[in-house]
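Take a look at the structure set out below.
Any read-out appearing in this document is the output of simple, stated calculations on the displayed coordinates, not a laboratory observation. Given the structure is predicted, the values throughout are model-derived calculations rather than measurements. A quick note on method: Cβ atoms are made from the backbone with ideal geometry, for glycine too, and the neighbour counts reach across all protein chains shown.
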Amino acid sequence: MTAHSVRDDVAVLVPAAGMGVRLGPGAPKALRTLAGEPLLVHAVRRVAAAPSVGRIVVAAPPDDVESVVALLRPVAHVVVVPGGATRQTSVSLALDAVGEAFPIVLVHDAARALAPVELIERVAAAVRDGHEAVVPVLPVVDTIKQVDADGRVAGTVDRSVLRSVQTPQGFSRETLVRAHAAAVDEHTDDAGMCEKIGVAVWTVPGDERALKITRPLDLEIACLLLDLG
Ligand SMILES: Nc1ccn([C@@H]2O[C@H](COP(=O)(O)OP(=O)(O)OP(=O)(O)O)[C@@H](O)[C@H]2O)c(=O)n1
Ligand SMILES: C[C@](O)(CO)[C@H](O)COP(=O)(O)O
């Protein structure tokens, strides 16, 4: 068994192979720029600055592996693998490249390019404390309605029990490997795959800066957040 200090017991997987359809036409989303730098560079720079992180694996758009390697060379030491057709496949392919040396694995969207170091460390610490699966969450601020197929409101959901879930999500490596091996359906996040195999998922406070850049307005908001420092 390998001994780890708190500085290097965490591997972070960064799925970055999505096309960014909701952002509109252009390059794959992780390669689109925010304040002159690709989203992926912003994301990896922050991950690499987290003291716990000893390995980073990026799942790149398959046609862009070489350019992603070149792009990230000055940013951090990173392993780059070709991603897959879905986020779940991209995460699985990145997970295959981690090996057994890291007991904690975080999965972090390139699209959450401004997730701060404190958030990465908070999630890692909760896994280190013994939680097998950890998600950062924020309260839901809007009233949520259930709506039927013809647009009629069917009810109002009790939002006090709801949370928005962010990344990075953290796992014991063994749990994440088991969840991916067992998956038969597509899941929108890795914690969902853990829930499916009966693993308890713990929550920690999320961070507004970890917003997922999904639609054009999100890029504008991210730009303002960068300006605020
Ligand atoms: N086949 C895929 C699809 C998504 N992702 C990654 O998963 C993260 C979260 O996905 P999302 O924000 O939904 O990105 P896209 O799939 O690119 O967005 P869209 O659905 O608008 O195309 C992103 O960092 C994205 O690059 C991935 O690695 N491989
Ligand atoms: C993993 C995730 O970021 C958690 O909020 C999210 O589910 C990914 O979203 P997608 O649009 O389904 O890829």
- request: Run Gly84 past the list (1) assigned to a loop (DSSP other than H, G, I, E, B); (2) more than 16 Å from ligand 2 (Cβ to nearest atom); (3) not aliphatic (A, V, I, L, M) and report the number of the one that doesn't hold.
  value: (2)
message: Can you tell me how many residues within region 157-185 are within 16 Å of ligand 1 (Cβ to nearest atom) and either part of a helix (DSSP H, G or I) or hydroxyl-bearing (Ser, Thr, Tyr) (or both)?
response: 4
query: Considering only region 20-51, how many residues are away from ligand 1 (no atom under 12 Å from the Cβ), in contact (Cβ under 8 Å) with a residue 60 or more places away in the chain, surrounded by 15 or more Cβ atoms within 10 Å (Cβ to Cβ) and not β-branched (Val, Ile, Thr)?
result: 3
- request: Sort out which residues of region 77-116 are more than 10 Å from ligand 1 (Cβ to nearest atom) and under 26 Å from Gly206 (Cβ atoms), and write them in order of number.
  value: Val78, Ser92, Leu95, Val98, Phe102, Pro103, Ile104, Val105, Leu106, Leu114, Ala115, Pro116
query: With (1) under 18 Å from Val12 (Cβ atoms); (2) outside any strand (DSSP E or B); (3) under 15 Å from the mean Cα position of the chain (by Cα) as the list, and Thr214 as the residue in question, which single condition is left unmet?
result: (1)
- request: Run Asp142 past the list (1) away from ligand 1 (no atom under 16 Å from the Cβ); (2) within 16 Å of the chain's Cα centre (by Cα); (3) part of a loop (DSSP other than H, G, I, E, B) and report the number of the one that doesn't hold.
  value: (2)
Residue within region 211-225 that is of a type in the set (A, V, I, L, M, F, W, C), within 14 Å of ligand 2 (Cβ to nearest atom) and touching a residue at least 40 places away in the same chain (Cβ under 8 Å) present: yes
